[in-house]
1. How would you order 362-375, 334-347, 462-475 from highest to lowest mean count of nearby Cβ atoms within 10 Å?
2. Dividing the alpha-carbon radius of gyration of region 64-273 by 2.2 N^0.38 Å (N being the number of residues), what value is obtained?
3. Please work out how much length the chain gains when fully extended from Lys492 to Gln402, using 0.36 nm per residue of separation minus the C-alpha to C-alpha distance, in nm with one decimal.
4. Between the alpha-carbon centers of region 57-111 and region 158-178, tell me the distance in whole angstrom.
5. Taking the alpha-carbon distance from Lys504 and a cut-off under 18 Å, which lysines remain once sequence neighbours fewer than 8 residues away in the same chain are dropped?
6. Can you tell me the alpha carbon radius of gyration of region 55-122 divided by the globular rule-of-thumb value 2.2 N^0.38 Å?
7. Which lysines, on any chain, are close to Lys214 with Cα under 22 Å apart, when same-chain ones fewer than 8 places away are left out?
8. Distance cut-off 30 Å, Cα to Cα: go down the list Lys202/Lys261; Lys233/Lys253; Lys202/Lys253; Lys250/Lys363 and report the pairs above it.
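Quick note: the coordinates plus some simple rules give every number you see, no bench work behind them. Only a predicted model underlies this, so the values are computations on that prediction, with no experimental measurement involved. A quick note on method: Cβ atoms are made from the backbone with ideal geometry, for glycine too, and the neighbour counts reach across all protein chains shown.
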Amino acid sequence: MAWVLKMDEVIESGLVHDFDASLSGIGQELGAGAYSMSDVLALPIFKQEDSSLPLDDETKNPPFQYVMCAATSPAVKLHDETLTYLNQGQSYEIRMLDNRKVGDMPEITGKLVKSIIRVVFHDRRLQYTEHQQLEGWKWNRPGDRLLDLDIPMSVGIIDTRTNPSQLNAVEFLWDPAKRTSAFIQVHCISTEFTPRKHGGEKGVPFRIQVDTFKQNENGEYTDHLHSASCQIKVFKPKGADRKQKTDREKMEKRTAHEKEKYQPSYDTTILTECSPWPDTPTAYVNNSPSAAPTFTSPQQSTCSVPDSNSSSPNHQGDGVSQTSSEQLQPSATTQETQQWLLKNRFSSYTRLFSNFSGADLLKLTKEDLVQICGAADGIRLYNSLKSRSVRPRLTIYVCQEQPGSPALPGPQPAAGRGAENGSGTPYVYHAIYLEEMVASEVARKLALVFNIPFHQINQVYRQGPTGIHILVSDQMVQNFQDESCFLFSTVKVENSGGIHIILK
């Protein structure tokens, strides 16, 4: 028995010795002399991954960040832009945060910067007619503004300004080194700009955009630093809360698999970087009372005249469509493509597309542009590249009666049916495309097509029964039949140098 125990001890000691030897071998194989971390990182697989990582100098953070204290909607798909619901007239905080690293932009350290907050249209179709939309809103809501600052609640803002001609913008100065919060109030609701009035969810989306500038050499705040924006919808008081609750309940009823396709709702809305708003948008070019003539109408005593370049999809002055002049052509050179990007508010992408010709840019799909530029600017760029002429609301055909030609009695036949003047020359008609369908637009486009100085036109009349002259009003224009034909003549006004236009 003792011999058996002794044999067990010998066997056990041998196993322990062999196990220790195996452990020592492992230690020797993994010693510092066998492998080094630099050798591991030098392997091809690690080199490939390392080359794909951005360098420190390539990762550039935006200098500022703007955060609106309002929850985002949970009913937004993963790759779409966030959507935030606001209540009309309620104050919402926008935190102005300094996002610079140490040493970034030392020229603004200890100095003030200027920020302009705007509420603008999200849809490109409404952006084209922004002036008309805002003028209509102003007419229906005299004395009101689309956007206001709640100054008592705001923190850190100084020298606040609101321009009476820019009802959708506010501006102020602030110090990036200090806590700054601007409380805004949006007074327009999304359904005010829909052709047919629906519930709040059918209203048009807006954008809140913040543009920040620093001082130039002359002390003016014109040097652009940063821009960011977010998509919103505005409801009547408490309507945003109800809509948020409805979206949340709809999401709770979805399956777990369906929920994975949607973004979660965040307590705050972070404004994403975007292109700066144009310095001189069409909506503000001719807003000064002295900048453009006015046209008298019975229903609206004074109507400001917008810039002629934005008045019609078909620019009749030179026979070139406005939309076609803005359309990027496949034959465009790289330089022409850069100019097109700047003209259409894509300045932040000019460097990215510096080697793209018109054909190169037009070959990109919607998915390509969204991946390159982000959801908001990608969709906007795609819509700009594929834009088409907007169909006018009303088309009329007009022909100027030559002096000495006898007037044709009764309704005038179209030129295509062989109408001729007294000398045997056929009447040649021009198409006038109306979008606003107001009397001032008729006068402006007649002046544009027939090279008549617009400031000389006093009134436009329509010849009625027994030759009476009826003042053309907005209501009359709205009751014109589509593709009506008119001859018109001009009559000088005594002692004023102006003229009257008479449609026959």
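1. So the peptides 362-375, 334-347, 462-475, ranked by packing, come out 334-347, 362-375, 462-475.
2. 1.08
3. Using 0.36 nm per residue and subtracting the Cα-Cα distance, I get 31.0 nm.
4. So the two Cα centres are separated by 17 Å.
5. Lys504 reaches Lys445, Lys492.
6. Working it through for region 55-122, the quotient is 1.47.
7. Output for Lys214: Lys60, Lys101, Lys111, Lys114, Lys178.
8. With Cα atoms farther than 30 Å apart: Lys250/Lys363.
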